[in-house]
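Have a look at the structure below before the remarks.
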There are 2 protein chains.
Amino acid sequence: MTSQDLQNKTGELVFLSLGGIGEIGMNCSLYGLGPAGDRRWLMVDLGMTFAGEHEPGIDVILPDISFIEGERYRLLGLVATHAHEDHIGAIAHLWPRLRAPIYATKFAASLLAHKLDEAGIEGEVPLRVIPGGHRFTLECFDIELVGVNHSTPESNAVIIRTPLGTVVHSGDWRIDRRPMLAAATDETRLRCIGREGCLALVCDSTNAMSEGDSPGERDVAETLAKLIHDAERRVVITSFASNVARLNAVERAARTSGRRIVTAGRSMRRVIEAAHRCGYLKDMAAFLPEEAFADLPPEQVVCLCTGSQGEPRAAMARIADNSHPLIALDEGDLVIFSSKTIPGNERAVIAIENRLARRGIDVVTEHDALVHVTGHPRREDLKQFYRWVRPRYVVPIHGEARHIMAHAGLARDAGLAALPLAGNGRMLRLAPGKPEIIDEVPHGRLMVDGQVITRQEGAAMRTRRKLSWAGMIVVSLVIDAHGERVGAPQIIMAGIAHETATATPTEAIIHDLIEDTFTKLAPTQRCDTGHMGEALRRSIRRAMLIHWGKKPLCRVIIHRN
Amino acid sequence: MTSQDLQNKTGELVFLSLGGIGEIGMNCSLYGLGPAGDRRWLMVDLGMTFAGEHEPGIDVILPDISFIEGERYRLLGLVATHAHEDHIGAIAHLWPRLRAPIYATKFAASLLAHKLDEAGIEGEVPLRVIPGGHRFTLECFDIELVGVNHSTPESNAVIIRTPLGTVVHSGDWRIDRRPMLAAATDETRLRCIGREGCLALVCDSTNAMSEGDSPGERDVAETLAKLIHDAERRVVITSFASNVARLNAVERAARTSGRRIVTAGRSMRRVIEAAHRCGYLKDMAAFLPEEAFADLPPEQVVCLCTGSQGEPRAAMARIADNSHPLIALDEGDLVIFSSKTIPGNERAVIAIENRLARRGIDVVTEHDALVHVTGHPRREDLKQFYRWVRPRYVVPIHGEARHIMAHAGLARDAGLAALPLAGNGRMLRLAPGKPEIIDEVPHGRLMVDGQVITRQEGAAMRTRRKLSWAGMIVVSLVIDAHGERVGAPQIIMAGIAHETATATPTEAIIHDLIEDTFTKLAPTQRCDTGHMGEALRRSIRRAMLIHWGKKPLCRVIIHRN
């Protein structure tokens, strides 16, 4: 069968990212098989990211999946590689738009079920729990999960076999030469797939700019054990809750040092329950609730808590503030940030470290000791993976633009064929023939604004950004049929400096401007409320710039009596 | 003379920080001599810091100097150690409250004069330009400047000799073993002062958590020279404008590689002018204006620009966006961030790097090559300084709480007497007798809101923070004497989602609530406009929580007709 015959029969195998290339989080990959217009689709992961200061009022950002929404009747399923929010966090928000079955191993499924329950859709979602290493088919896709090591249990690479070739979608992975809890990345199985023949490796790029390989969880465990052992008083450890190996390491170290473990924070509790259900934490009794903290002598307690990113309402921030209702620290206690700070959270994390330091509490972070390791492959790990899987092409995903570019360069240096870069929304034909970008589809970001999902950069968010800079003034007036004022004007100011640089109170300035406007305009002109409102609005903004230095939003209401 | 006699005659020597201890920026130190209630004061530095996302609408933050405002008739002068914003940036804002003479060496004075001019007060301010190494007296204070190496020219330690002892106020400094432009830290003079006898060293703590010593400006210069030499196309270098040694290094490297230098950004231009006036840049003609960029072949140009912190309106951000009117880059060009990212700016800087990478432009940062070094002393440098100056006490200033604590620990480890920590506002008696905290004075942060300077956490800023999260709704109604509505209610929404999660438009929800309120309340009750307004306000906020998930600010205006 020639390549042309094959294409006529089965169409093409395409890869399409709707999120996660050139940005952090929101991972969402699609594999399509068939002729254009009649492709079957398989989705791998559907993650979210957290909003920053440039998205005021937004908590969470999701990938724009409108393309696949339009094709949802041909979407055969969604495979979740692992339990991290940047891979499954958008499912509870967006599943109602897709309604496809979801496939996940037990740990991710357990956490996902909880989210679906919170969203009130657990009953509707066909969530299929599959065992690690499972192989199954969805129509034309022959799918196999292969375990990879990562910073949360049950991370999986997804092997997608099609008549046009096999794709290895790496998921998030690392080579942990000294793994703690999770199995090592399944070298044997990956080598096997390499021998079978791998068309494309679609691969994690997070650390493609970091040379060498990385220490392992066991190295971190040893550091933590030593720190806990040497501590004379209370120890608090904040970490990513989903890193169960880390929780396990802390539990073991605490036990060895004759300490009990107290957990604080809802997500910590939730992960521990899920991990226990999956058999990763043998002794649940070891994890005491927050209430137990106060009754344990300082030298007999370790507290594991959430809030390593400085989240203001999480346990760590409240402990640092001494405002946590149940967990109080004193001078000489020790806090360990067994985590890395995600870009954007630096100020919040540093502020917490300083609040602790000011109270005489020792702080240890990854800058001081080996209390954290990355969950992603560095350059030597990537090269190793290439040697196992022996792909014809490497498609870098999962990383900022610089990581993606560095990964592409690494692949080229390793002698693999250069591919056109598959940015979000750029549909890459993997087979048949030479890979190329064949289409561009809508992509972008959806903002979760309260309970409403809006398009990127909605008007409401843009207005809030302006409000956050210069506040708002609303003036409300009543005029009669002759254009004369009825009663006193009402002025609402929100976020406005009441005293100005020129010493005239803002309210007096506005009253004067209303007076002026009425004086300047003839009664007939005043009856044109649109004109008068606009004149007043402009003069208020102009005056505020002079007296305050900023132009607030301004709206003028004129009631006709 | 016994210590008691001395105290009766001269009172006490005190140190008081109004900013910069336990926080970044806003450095402001005071030295007081005399009995309580009749002290003469000397101020060293008066800096600012930049606001972050938690201070919406604020650009700049200043130290609260109300204590010294109250004592300003006994404030003899302000000595500026060097030209950085965190040391002189608050002077133009706060000098009118102090009106004391300012002493600075030429480079800092030149930049300061420009700021005073912008603030329209240059004519009023007695700005005394003093030579490096100058010694002069201000009543009871015998003051000497000693040159120290730092990341801007003319950084000075201030030696303050008093009848009660000598204080060495280090300013910002480092030991650059291979200095480029500025003189090395004046070891000879410092040793001399050490032999004379030093009571207290009041010292930079920024890098007190960093082991070892640091590479020098010459090492950076060599890296930059190599990168520029090897580059095949355009090179853009963004750096802190005030680092004149760095500018000089780039200029030299460009010349060697047969390239011309184009500068972009107002502050870059301003520093270059000041540096030229002070004789630090011999060949001003070497720096071409932005307009020259387009005419130079790619392999013959280096552009030096502002914006290394990701400032959205600075040259670097606009170059990355390809929106700079005069400077355009292409694939294969090179951008070097010869800078470190200040905490809080990570997201903005990373976003710029990624925008460049996406366009195929190479990016080199301090993580990739030695293109930046710190301007502050690491632990080995601090110990070296102790050995030169041999102070009896070390007072750690200039750093976050963790740095201050680490510096105090280092001083103790070096065998120096432990001092009570002088936090901002805690007045530390240095002599006579054993140092102790003897008073606590008002301190804190002033926010520059437009042209208005407000106290920390002003109401306007707090309101803007709420507005940025959930926006604002204003309802305006007219009722007649019988409590009946006149005309239609007016609704203003700002920053509010117009469509809700329940599919009812927000405006319809509010109209219904107004309707309900009128139905529920009897006409006499409606005449109590306070009551009716509050009832409506509450029901709108409650309804928004249900339909949108957030509670906006809400104000109700009721006009009585």
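The values are calculated or read from the model by the stated rules, or taken from the named source; none is laboratory data. Everything numeric here is computed off the predicted structure, so don't read it as measured data. Positions of Cβ are generated from backbone atoms using ideal geometry, with glycine treated the same way; all protein chains shown enter the neighbour counts. Note: areas computed on protein heavy atoms with side chains; ligands, DNA, RNA excluded. Shrake-Rupley method; radii C 1.70, N 1.55, O 1.52, S 1.80 Å.
Data overview
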quantity: Residue in the stretch A:506-527 that is more than 20 Å from B:Leu467 (Cβ to Cβ) and within 12 Å of chain B (Cβ to nearest Cβ) present; calculated: no
quantity: Residues satisfying the stated conditions in the stretch B:127-182, i.e. among the aliphatic types (A, V, I, L, M) and more than 15 Å from B:Tyr103 (Cα to Cα); calculated: B:Val148, B:Leu164, B:Val167, B:Val168, B:Ile175, B:Met180, B:Leu181, B:Ala182
quantity: Residue among B:Asp186, B:Asp230 that is without any contact (Cβ under 8 Å) to a residue 24 or more places away in the chain and of a type in the set (Asp, Glu); calculated: B:Asp230
quantity: Enumeration of residues in the stretch B:150-192 that are over 17 Å from B:Leu416 (Cα atoms), open to solvent by less than 10 Å² (accessible area, probe 1.4 Å) and of a type in the set (Val, Ile, Thr); calculated: B:Thr152, B:Val158, B:Ile159, B:Ile160
quantity: Answer residue from the stretch A:446-462, given it is touching a residue at least 12 places away in the same chain (Cβ under 8 Å) and surrounded by fewer than 22 Cβ atoms within 10 Å (Cβ to Cβ) and is farthest from the other protein chains (Cβ to nearest Cβ) among those; calculated: A:Gln456
quantity: Criterion violated by B:Glu291 - all others in (1) in a helix (DSSP H, G or I); (2) under 23 Å from A:His403 (Cα atoms); (3) open to solvent by 70 Å² or more (accessible area, probe 1.4 Å); (4) touching a residue at least 12 places away in the same chain (Cβ under 8 Å) satisfied; calculated: (2)
quantity: Candidate set: the stretch B:313-331, residues that are in contact with an Asp or Glu (Cβ under 9 Å, 6 or more places away or on another chain) and in a loop (DSSP other than H, G, I, E, B); chosen: the one nearest to B:Asn345 (Cα to Cα); calculated: B:His324
quantity: Hits in the stretch A:441-467 - residues which are farther than 15 Å from B:Ala501 by Cα and part of a strand (DSSP E or B); calculated: A:Arg445
quantity: Single residue of B:Gly487, B:Gly483, B:Gly533 found to be in contact with a strand residue (DSSP E or B) (Cβ under 6 Å, 6 or more places away or on another chain), more than 10 Å from chain A (Cβ to nearest Cβ) and farther than 23 Å from A:Glu55 by Cα; calculated: B:Gly533
quantity: Scan of the stretch A:297-329 for residues that are in contact with a strand residue (DSSP E or B) (Cβ under 7 Å, 6 or more places away or on another chain) and open to solvent by 30 Å² or more (accessible area, probe 1.4 Å), ordered by number; calculated: A:Gln300
quantity: Top-ranked residue in the stretch B:533-547 [being free of Cβ contacts under 8 Å to residues at least 40 places away in the same chain and open to solvent by less than 50 Å² (accessible area, probe 1.4 Å); ranked as farthest from A:Gly450 (Cα to Cα)]; calculated: B:Gly533
quantity: Any hit, the stretch B:278-285, residues being touching a residue at least 24 places away in the same chain (Cβ under 8 Å), part of a helix (DSSP H, G or I) and not aromatic (Phe, Trp, Tyr); calculated: no
quantity: Subset of the stretch A:469-491 [among the polar types (S, T, N, Q) and open to solvent by less than 20 Å² (accessible area, probe 1.4 Å)]; calculated: A:Ser476
quantity: Check on A:Leu111, open to solvent by 10 Å² or more (accessible area, probe 1.4 Å) and farther than 24 Å from A:Ala241 by Cβ; calculated: no
quantity: Close pairs from the stretch B:107-124: first at negative phi, partner of a type in the set (Phe, Trp, Tyr), Cβ under 7 Å, at least 6 apart; calculated: B:Ile121/B:Trp95
quantity: Selection within the stretch B:550-561 - open to solvent by 30 Å² or more (accessible area, probe 1.4 Å) and either of a type in the set (Lys, Arg) or within 19 Å of A:Val60 (Cβ to Cβ) (or both); calculated: B:Lys551, B:Arg555, B:Arg560
quantity: Options A:Val371, A:Val441: the member that is more than 13 Å from chain B (Cβ to nearest Cβ) and within 29 Å of A:His54 (Cβ to Cβ); calculated: A:Val441
quantity: Residue within the stretch A:339-362 that is touching a Ser or Thr at 6+ places or on another chain (Cβ under 6 Å), without any contact (Cβ under 8 Å) to a residue 60 or more places away in the chain and either within 13 Å of chain B (Cβ to nearest Cβ) or over 18 Å from A:Leu224 (Cα atoms) (or both) present; calculated: yes
quantity: The stretch B:37-93 - residue that is in contact with a helix residue (DSSP H, G or I) (Cβ under 6 Å, 6 or more places away or on another chain) and small (Gly, Ala, Ser) and, of those, nearest to B:Asp449 (Cα to Cα); calculated: B:Gly57
quantity: Residue that is nearest to A:Val244 (Cα to Cα), among those in the stretch A:377-391 that are open to solvent by less than 30 Å² (accessible area, probe 1.4 Å) and out of contact with any Phe, Trp or Tyr (no Cβ under 7 Å at 6 or more places or on another chain); calculated: A:Asp381
quantity: Failed criterion for B:Ala208 (all others in (1) open to solvent by 40 Å² or more (accessible area, probe 1.4 Å); (2) closer than 30 Å to B:Thr341 by Cα hold); calculated: (1)
quantity: Residue ID - farthest from B:Gly52 (Cα to Cα), chosen from residues in the stretch B:416-430 that are part of a strand (DSSP E or B) and open to solvent by 10 Å² or more (accessible area, probe 1.4 Å); calculated: B:Ala417
quantity: Residue count, the stretch A:339-364 (criterion: in contact with a helix residue (DSSP H, G or I) (Cβ under 6 Å, 6 or more places away or on another chain) and within 20 Å of A:Arg246 (Cα to Cα)); calculated: 2
quantity: Odd one out for A:Ala408, checked against (1) in a helix (DSSP H, G or I); (2) touching a residue at least 40 places away in the same chain (Cβ under 8 Å); calculated: (2)
